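Structure record follows, encoded as structure tokens.
The values are calculated or read from the model by the stated rules, or taken from the named source; none is laboratory data. Remember, predicted model here, so these are calculated numbers, not experimental data. So basically every Cβ, Gly included, is an ideal-geometry build from the backbone, and we count neighbours across all protein chains shown. Accessible surface is based on the protein model in full, side chains and every heavy atom, while ligands, DNA and RNA are left aside. Shrake-Rupley method; radii C 1.70, N 1.55, O 1.52, S 1.80 Å.
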Number of protein chains: 2
Amino acid sequence: MDLNALRKANPDHWFKAAAIRALTLDAVHAANSGHSGMPMGMADVATVLFEKHLKFDAARPEWPDRDRFILSAGHGSMLLYALLYLTGNPDITLEEIRNFRQLGAKTAGHPENTLARGIETTTGPLGQGVGNAVGFAIAEEILRARFGSRIVDHYTYVMAGDGCLMEGISQEAITLAGRQKLSRLILLWDNNNITIDGKRELSDTTDQPGRFRAAGWEVIEIDGHDPAMIDDALTRARHNDRPTMIACKTHIGFGHVAQDTAKAHGALTDDQQLLDTKAAYGWTGGPFEVPAEVKSAWEAIGAKGAPLRDDWEGRLAALSDRKRAEFERIEAGEAPKRLAATIRALKKQMSDSAPKLATRASSEKVLEVVNPIMAETVGGSADLTGSNNTLTADLGIFDLDNRKGRYIHYGIREHAMAAAMNGMALHGGIRPYGGTFLCFTDYARPSVRLAALMEIPTVFVMTHDSIGLGEDGPTHQPVEHLAMLRATPNMRVFRPADTIETAEAWELALTSTRTPTVLALTRQGLPTVRTEHTTRNLTARGAYVLADAVGKRQVILIATGSEVEIALKARDLLQAQDIGTRVVSMPCMELFAEQEDSYRRRVLPAGAVRIGIEAAVRLGWDRWLLGERGREGKAAFIGMDSFGASAPAGDLFRFFGITADAVAQKARDLLG
Amino acid sequence: MDLNALRKANPDHWFKAAAIRALTLDAVHAANSGHSGMPMGMADVATVLFEKHLKFDAARPEWPDRDRFILSAGHGSMLLYALLYLTGNPDITLEEIRNFRQLGAKTAGHPENTLARGIETTTGPLGQGVGNAVGFAIAEEILRARFGSRIVDHYTYVMAGDGCLMEGISQEAITLAGRQKLSRLILLWDNNNITIDGKRELSDTTDQPGRFRAAGWEVIEIDGHDPAMIDDALTRARHNDRPTMIACKTHIGFGHVAQDTAKAHGALTDDQQLLDTKAAYGWTGGPFEVPAEVKSAWEAIGAKGAPLRDDWEGRLAALSDRKRAEFERIEAGEAPKRLAATIRALKKQMSDSAPKLATRASSEKVLEVVNPIMAETVGGSADLTGSNNTLTADLGIFDLDNRKGRYIHYGIREHAMAAAMNGMALHGGIRPYGGTFLCFTDYARPSVRLAALMEIPTVFVMTHDSIGLGEDGPTHQPVEHLAMLRATPNMRVFRPADTIETAEAWELALTSTRTPTVLALTRQGLPTVRTEHTTRNLTARGAYVLADAVGKRQVILIATGSEVEIALKARDLLQAQDIGTRVVSMPCMELFAEQEDSYRRRVLPAGAVRIGIEAAVRLGWDRWLLGERGREGKAAFIGMDSFGASAPAGDLFRFFGITADAVAQKARDLLG
């Protein structure tokens, strides 16, 4: 490549792109870690995108109708940080660039949405941004259909590398996008033929354009260093009737001696090579210095969206009060005021009628009253709609001819479903929920974790939550999944015992703003255990006394979900022998752990033997059995210590000894 | 469709296929659950495959050179069970078919490899069989290269549905197979256009043939009910120089009134419809009855491989004693006798030289001595070779021109890597290990779980095991993953503290026959803490006293991995104040839990305060802190209760308070 010729051919473009490259080199050099090659390779594409196409107002990164720019190849974080700094983002200052990858900096190793405005999503785990982007694009379609294109009218651009495209999630995401013809979604593939281990051909020879076409995408192949081609491709992509993949042939580590090698993927920190590279760019700035004319050119790009945003504010103001208030409410992620009364009314009705229902059916009952009053909910399932009970009559199916549809047939794509839901939550204006079997949380696990890390209130409706699913057998029976989810920071795992607790859990999920929710729901029918109506949301305390001991309290049974019924039956057996037995329902360990000590002490007082009952592994239970004033020799756990088996559910509970008789016997043993 | 015409055109074929369909209908009817439609739809393909192509000897399902048949669409388990019963498999009797999906039956809801010979792998979680199949095919290539095609010469057939192909893992698997031109791999796509939610078009419009071609596969499209076309396609597929996908257009629930509908995906149990369907087949047998001539035709198919197997036994016997013994050893999954001495010698050398090494580098040191004496190891990494330290000089790279290569560049495909490793372990003759970052266990999670459920000794080399990885930040820093893996039944999670423990952990992993292993290894350097050589494998006890208290034992510090160093420093601080402090290294909680009570009591005696130290969440630790004669108020945990952050590792340990000073202070606090 002749860098001089490129520079002379288009100096305006060249120095803007060089600013990204120079800042990347300096930041990685200072941190002595990071990834130089990707930002250097994709700087031209990013420059043209930001200059000519991306609708944004750098000073107001939260503008709802901005185009979204998602860096799925999150290791190239300096590309994003450089763009934000150069255009005038209020959070990413030069000081932050200098502190790249240091404690407390907003410029973390990989972009984290919670650290700075303008970082649309947290990326780094590869392929996640591609999945998120599909959700962003769906959210835009739904909101545009709902509020009109004067209020919602933007694009989603996602930049992805070979890593993103080799990850399986990318296939789920692109086929979903292709099926839905998400024409506002544009993927920029950093086609540099390099992975960490070496040339891409070492591990992959996929015809990516062919693959995207097979998924229903338009494909445009360009030289990723030619500003005119980039501009033309983006223009064409914006006018396609389907999603577009732009294959950008680039040179990783552009202009560096390590260009086009795996070394360039990582940190290029050699002092002399840094100087040589800058010299090759014709770059005159010292470390972290951007010449004033280049910085002001970038700031002009950052400011060009301001009048557009002003116009948009005017159009928003021109909406009816009601419509504007609704838009602002859903953008803020606030539940409607009516929600509390709606949930209370359902609880009252269910306490009175005391139906026997699987909690997955209970969940459907809740959705039947919630969806009509929360137009921001968007439901779906990974091809288990009838099993997850996630579809209610009013939603409509999201499709080409019904962009107002609020139910998504995600297909057998748990991972992309979770990532897309995260994208919708991040977009704003949508409160996504989606279902699969609890066991297949595994398939969505990287995105479930990211929901927690990103502090977004995605709702995972996970049914068939134990051996209670029966004949499908151990491949489908979760035993370790509750522990796995409870171990994840900033995650609320609810395992409700009946319709009342399910309604309470949903209320908490729908009012959560910074924490995702997992609802672990049964396949099998359960009796209503909360037959006495309370207006208070008892599930909000995490655990509470469901049935107290009659006479001297000798035993405390702590159970969740379907095992609360077993605990109550065991209590009957024990009370019949004058053994005072309390039953504590514990639908959410995380919330109970958050309660003040005095409440926890009231629910779990010392001096009685304790038995935990849950058709899952013990891991995570010892805190409640041995801690919190419990003690060894006076506590036991009735649950699973192996995988399950294939048989009717009743047979399995007997086979694995999770029965009221076993619980009562264990209590008597502990009492000696 | 004109069933009569099809029957009359080829009655021999027809009734063999009808036997599969009738048994499926009867078994699902009896169980009142299961999946009828897939076996009914794919019966013709399966019949031709087994009759004309599959090399097997039904009486000897463990014959190493058999072709492998993998039912990735595991919900169609009755297809496999019917084939095994009809051909004369010794484990799947008619009684087992009658007990489909009942407690104790070998005919579980989804096929489980541990229940019967002839079930090559456990499927049901969709796409896993496709991933396994790639591993089976790689194993065959490697072993054929090593032992010659007179000993190893077989095909891998995998049957997959829309669900399998929509899952992301399928993309990772087929692109890996395409890259490696695994010409002995043949995928049979049950192209029936139906998913659980309805028509496939509801969620997916992917051009599957185009997608497979883009991945480097040959594609053949056929009518899946035409025996001649099926036969021809299989013949062509076997002679391709690359993997072949045969798109079989089929009718789900073939011949049933529910044919071609989502209803047919599930259990077809209506009595009259069952009779009508059998009548339409011209089937005269009663429930579970197969006419004698049909059964004997199937048994002839099951027996046709016997002479081939006899010939093969002769060829095996003709090998040199040494070569035959080696083949038999690796087939049996036995480690070589030299392994113990090799590990001991390395331990001695490392105890003497006491290097400061990251345990990922320690792991490489182990592999450097193990790989040369265990030719059955096949290593790899999901594009993190240099970071996972999984490649040793002797292995060679598995590629088209080096099928003896024992190192696989899996690409950025953690999920397919894990599934392929499982396939290799199931195939036999290979002991697979593969690496990624511990955090990205998430991406491979469904396959990691299946390794445990299938009772196979896959080894997962998971490096960068805590915030100690530093600047990459919380997206890459596991905090809940140790808990998640420990919660999984039949899984051994090792977190070694130095090279000695790493060697011991590897020895246990390489001698395991029924349990997978996770090695959680550091990025950062650690001192050698086991400077006194022992021949005994102390890691095999799960935990042991590394440094005992001097004077009265007041404190027990329990730590794993990189935190053992911190525990030892804290002990120094405490002993300097005459506070007797024991340090227990606990590299494997599962193994410690298996020890006899007297040993556990010796390691963790009552009467001292206990502090657990691990840069991860507390979940799973309370058993060792509050249980095992520990007690509340006298125990604490120093670790993580949130996600990590991006910064140099040292800063992070200080920021999160995981330091020797914090441990010593906590001990003093507990002692009051």
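Counting, for every residue in A:103-109, the Cβ atoms of other protein chains within 10 Å of its Cβ and taking the mean gives 6. Using the structure shown, select from A:55/A:106; B:106/B:304; A:365/B:106; A:52/A:106; A:263/A:304 the pairs with a Cα to Cα distance greater than 29 angstrom. Going by Cα-Cα distance, A:365/B:106; A:263/A:304 fall outside the 29 Å limit. The base-10 log of I(q)/I(0) for chain B, evaluated at q = 0.07, 0.08, 0.10 Å⁻¹, reads -0.51, -0.65, -0.92 [Debye formula, identical scatterers on Cα atoms, solvent excluded]. Protection proxy ranking for A:15-24, A:372-381, using the average of other Cβ atoms within 10 Å per residue and placing the highest first: A:15-24, A:372-381. Proximity of backbone amide H atoms, modeled 1.01 Å from N, is registered between residue A:246 and A:187, A:188, A:189, A:220 at under 5 Å, excluding neighbours fewer than 5 places apart on the same chain.
Mean per-residue shielding of peptide A:623-635 is 4, counting Cβ atoms of other chains within 10 Å of each Cβ. Antiparallel beta bridges, as assigned by DSSP with both residues in the stretch B:542-671, represent about 15 percent of the total such bridges.
The calculated P(r) of the stretch A:4-134, using every Cα pair and 10 Å bins from 0, goes 13, 46, 34, 7, 0 in percent.
For peptide A:442-450, what's the mean number of Cβ atoms from other chains within 10 Å of each residue's Cβ? Intermediate results must be reported in sequence, preceding the final value.
Details: counts 10, 10, 3, 7, 10, 1, 1, 10, 3.
Other-chain Cβ atoms within 10 Å of each residue's Cβ, averaged: 6.
The residue A:284 and residue A:308 beta-carbon pair, evaluated with R₀ = 41 Å, returns a calculated FRET efficiency of approximately 0.75.
When you count the other C-beta atoms within 10 angstrom of each residue and take the mean per peptide, A:151-159, B:193-201 line up highest first as A:151-159, B:193-201. With a Förster radius of 35 Å applied to the C-beta separation of residue B:572 and residue B:368, the computed FRET efficiency comes to 0.60. Inter-copy label distances at residue B:59, using a point 7 Å along Cα-to-Cβ, come to 8.8 nm with the shortest given first.
Please work out the C-alpha center-to-center distance from the stretch B:291-342 to the stretch B:18-61 and express it in whole Å. Comparing the Cα centres of the stretch B:291-342 and the stretch B:18-61, I get a distance of 25 Å.
On the principal axes of its alpha-carbon atoms, the stretch A:522-672 has extents of 43, 37, 29 Å, going from largest to smallest. Full extension of the chain between residue A:315 and residue A:145 yields a length gain of 59.6 nm, computed as 0.36 nm times the residue separation minus the alpha carbon distance. Closest approach of a chain A Cβ to the axis relating A and B (residue, whole Å): A:168, 1. Relative to the longest principal axis of the Cα atoms of chain A, the long axis of helix A:321-332 makes an angle of roughly 90 degrees.
Centre-to-centre, using Cα atoms only, the stretch B:89-156 and the stretch A:153-188 are separated by 35 Å. Shown here: the stretch B:3-301, whose C-alpha atoms stretch 52, 44, 40 Å along the first, second and third principal axes, sorted largest to smallest. Note on the stretch A:616-645 and the stretch A:202-278: Cα centroid distance 53 Å, given to the nearest whole angstrom.
Of all DSSP beta bridges located in the stretch B:3-301, what percent are antiparallel, nearest 5? Kindly include the intermediate steps, with their values, before the conclusion.
Values: 2 of 23 bridges.
Roughly 10 percent of the DSSP beta bridges within the stretch B:3-301 come out antiparallel.
For the stretch B:338-527, the relative contact order works out to 27 percent when only alpha carbon pairs closer than 8 Å and six or more residues apart are counted. Charge dipole of the protein assembly as shown (Cα centre as origin; +1 on each Lys and Arg Cβ, -1 on each Asp and Glu Cβ, all else neutral): 2800 debye, rounded to the nearest 20.
Among the GluC sites (Glu not before Pro) in the stretch A:1-102, those located in a DSSP loop and surrounded by at most 11 other Cβ atoms within 10 Å of their own Cβ are A:62.
For n ≥ 4 DSSP H runs only, could you compute -39500 (n - 2.57) per run for chain B, divide by its residues and tell me the 222 nm figure to the nearest 500?
On the way: 27 runs with 289 residues, N = 672.
Theoretical 222 nm ellipticity from helices: -13000 deg cm²/dmol.
Taking the C-alpha atoms only, the angle from helix A:441-454 to the longest principal axis of chain A is near 70 degrees.
In the complete set of protein chains, residue-level accessible area for residue B:562 is approximately 10 Å², probe 1.4 angstrom. Among the lysines, which fall within straight-line cross-link reach of residue A:569, defined as a Cα-Cα distance under 20 Å, with same-chain neighbours fewer than 8 residues apart omitted? In chain and number order, the partners are A:356, A:552, A:666.
Distances, shortest first, from the label point of residue A:550 to those at the same position in the other copies read 6.4 nm; the point lies 7 Å along Cα to C-beta. Per the Cα gyration tensor, the stretch B:84-164 maps to an equivalent ellipsoid with semi-axes of 28, 17, 10 Å, ordered largest to smallest.
Taken over the C-alpha atoms, the stretch B:338-527 has Rg and Dmax values of 15.2, 43 angstrom. Using the Kirkwood radius over C-alpha pairs as Rh, can you work out the diffusion coefficient of the stretch A:307-364 via Stokes-Einstein at 4 °C, viscosity 1.567 mPa s, in µm² per second? Diffusion coefficient, whole number: 88 µm²/s.
Counting only DSSP beta bridges with both residues in the protein assembly as shown, tell me the antiparallel percent, nearest 5.
Details: 16 of 126 bridges.
Once the DSSP bridges in the protein assembly as shown are tallied, antiparallel ones form about 15 percent.
As an exercise, use a Förster radius of 56 Å and the Cβ-Cβ distance of residue B:597 and residue B:397 to find the FRET efficiency, rounded to the nearest 0.05.
Working: r = 49 Å, r/R0 = 0.87.
With R0 = 56 Å, the Cβ-Cβ based efficiency is 0.70.
Label points for residue A:394 are taken 7 Å from Cα along Cα→Cβ. From this copy to the others they lie 7.0 nm apart, shortest first. Rounding to the nearest 10 and keeping the result within 0 to 90°, find how far the Cα-based axis of helix B:414-427 lies from the longest principal axis of chain B. It works out to around 70 degrees.
Taking max minus min of the alpha-carbon positions on each principal axis, the stretch B:321-451 gives extents of 43, 38, 31 Å, largest first. Once Rg and the Kirkwood radius are both taken over the C-alpha atoms of the protein assembly as shown, their ratio Rg/Rh works out to 0.96.
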